[in-house]
Amino acid sequence: MGKKRNYLVAAAVAAALPMAAQTPDASYEFRPHAYIQVQGGAQYTLGEAPFGDLLSPTVQLGVGWQFKPWLGARLAVGAWESRGGLNGYTVGGPARNVTYSYNYVAPGVDAVFNLSNAICGFNPKRVVSVSAFVGAAANIGFGNDEANAIARQGYPLAYLWDGTKVRPVGRAGLGIDFRLADAVSIGIEGNANVTSDRYNSKDAGQPDWYFNVMAGVRINLGKTHRRRAAEQPVRQPEPVAEQPAPVVEKPAPQPAEQPKRAEEMRRDVFFLINSASIRPDEAAKVAELAAYLKANPQLRVTVTGYADAQTGTDAINDRLSRRRAEAVAKALTAEHGIEAGRIAVDSKGSRVQPFAENDKNRVTVCVTSEK
């Protein structure tokens, strides 16, 4: 039976590897993020009884952090039931197999390696990902009443325990995740756990083992990636054609001089992430704009606020871009004495991005025009 299980696990991993080997996508950049996992399945505790008699239910809750595309860490708590088996139990009749169950909770820490990203490169749209993990846990066993009842009937159990016992556990395993969306995937995990010989109350002269196979869901918290900003092509200077020698002509009569129009002025006031406060170096731009408006009383100014598209939601970014525009307008009126009637305030949220570089879109753009 053990060989058959190994063959099944190997076949599942082999079937998943071609899909997990999708090529990397350089248009995306990885972002560290947290995640939660909820899983449930079956446990097999190694013992002296038929395979089916040693199966029991198990569940696991995990909280993790993905540091790099290929490396993460996870705090996982497994729990429910383990089983023990006795071969040749003779109390009350002929020799037979007998099983008993007991409960456990096993909190532990794992180092998780995303093999797909490590071998094939980062691709957030990959359908199937294969991961491996190693870790350590503390198995807190309790509820060993059935083994104690067997011992009271006369069957010797060398390592019989009662109450609550804590034992160290080493564990390792493989997981296969199937992507449903950027934030959600479903997966299958198999792991092997080794602890002391005293776990199942018997003296076997070797460590005790239990194996879990579980299915569950993983939910990523926050954005897992962002699109890289497109590189702007470098414009080459156009060749300058030779100009013919100027022809000197008699100047034509000059029309009456028209009033000179003031040139348009633009100032971009940049903000920190999730902030509408004007920093001192940006306040100098507001002062320069105010001086120009005072020198040209025929001008008015349109103040438009923006937010970057890779942070926050539309609702948050709409409010934030409006506050940024209002902060600049208030500085023009309260600090520099510009009439409010000469200022138009607008905001675009994150639906419009005036700059190719994401972080520059935390900005208020100020443009003057004739009244």
Q: Leaving ligands, DNA and RNA out of it, rank SER56, SER277 by accessible area with a 1.4 Å probe, largest first.
A: SER277, SER56
Q: Please work out how much accessible surface THR302 shows to a 1.4 Å probe, ignoring ligands, DNA and RNA, in Å² rounded to 10.
A: 50 Å²
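Could you state the accessible area per residue of the range 20-71 in Å², with a 1.4 Å probe and every protein chain left in place? Please report the intermediate quantities before stating the final value.
Working: 2460 Å² over 52 residues.
Heavy-atom accessible area per residue stands at 47 Å².
Would you mind classifying the range 24-96 by shape? Square roots of the alpha carbon gyration tensor eigenvalues, ordered a ≥ b ≥ c; an a/c under 1.5 is rounded, otherwise it is prolate if a/b is larger than b/c and oblate if not.
On the way: a/c = 5.16, a/b = 3.68, b/c = 1.40.
Verdict is prolate for the range 24-96.
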(Q) For the pairs LYS223/LYS330; LYS68/LYS348; LYS68/LYS165; LYS68/LYS285; LYS68/LYS125, flag any whose C-alpha to C-alpha distance is greater than 28 Å. (A) LYS223/LYS330; LYS68/LYS348; LYS68/LYS165; LYS68/LYS285
Q: Enumerate the calculated ³J(HN,Hα) couplings along the range 179-191 in order (Karplus 6.51 cos²θ - 1.76 cosθ + 1.60, θ = phi - 60°), each rounded to whole Hz, writing x wherever the residue is Gly or Pro.
A: 6, 9, 7, 4, 9, 10, 9, 10, x, 10, 10, x, 9
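If you roll a 1.4 angstrom probe over the protein chains with everything in place, what fraction of the accessible area of the range 94-211 belongs to carbon and sulfur, to the nearest %?
Working: 3310 of 5310 Å².
So the carbon and sulfur contribution to the accessible surface is 62 percent.
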Q.
Over the range 55-95, what is the relative contact order in percent, taking alpha-carbon pairs closer than 8 angstrom and at least six residues apart?
A. 38 percent
**Q.** Å² per residue, accessible surface of the range 273-371 at 1.4 Å
**A.** 49 Å²
Q. For LEU75, what accessible area in Å² do you get when you roll a 1.4 Å probe over the heavy atoms of the protein chains, rounding to the nearest 10?
A. 100 Å²
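Answer rounded, prolate or oblate for the range 291-371, using the Cα gyration tensor with square roots of eigenvalues a ≥ b ≥ c: rounded when a/c is under 1.5, else prolate when a/b is larger than b/c, else oblate.
Details: a/c = 2.75, a/b = 2.10, b/c = 1.31.
Prolate, because a/c is 1.5 or more and a/b exceeds b/c.
Carbon and sulfur atoms: what percent of the 1.4 Å accessible area of the range 261-349 do they account for? Don't jump to the answer; show the numbers that get you there.
Values: 2290 of 4560 Å².
Answer for the range 261-349: carbon and sulfur cover 50 percent of the accessible area.
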Q) Cα convex hull of the range 107-170: mean projected area in nm², to one decimal? A) 7.0 nm²
Q) Accessible area of GLU146, 1.4 Å probe, to the nearest 10 Å²? A) 90 Å²
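Whenever you get a sec, line up THR99, THR313 from highest to lowest accessible area (probe 1.4 Å, protein heavy atoms). Let's see the in-between values first.
Numbers: THR99 45, THR313 75 Å².
Largest accessible area first, the residues go THR313, THR99.
The values are calculated or read from the model by the stated rules, or taken from the named source; none is laboratory data. All figures in this text were calculated on a predicted structure; none of them were measured in a lab. Heads up: the accessible areas ignore ligands, DNA and RNA and are worked out on the full protein's heavy atoms, side chains in. Shrake-Rupley method; radii C 1.70, N 1.55, O 1.52, S 1.80 Å.
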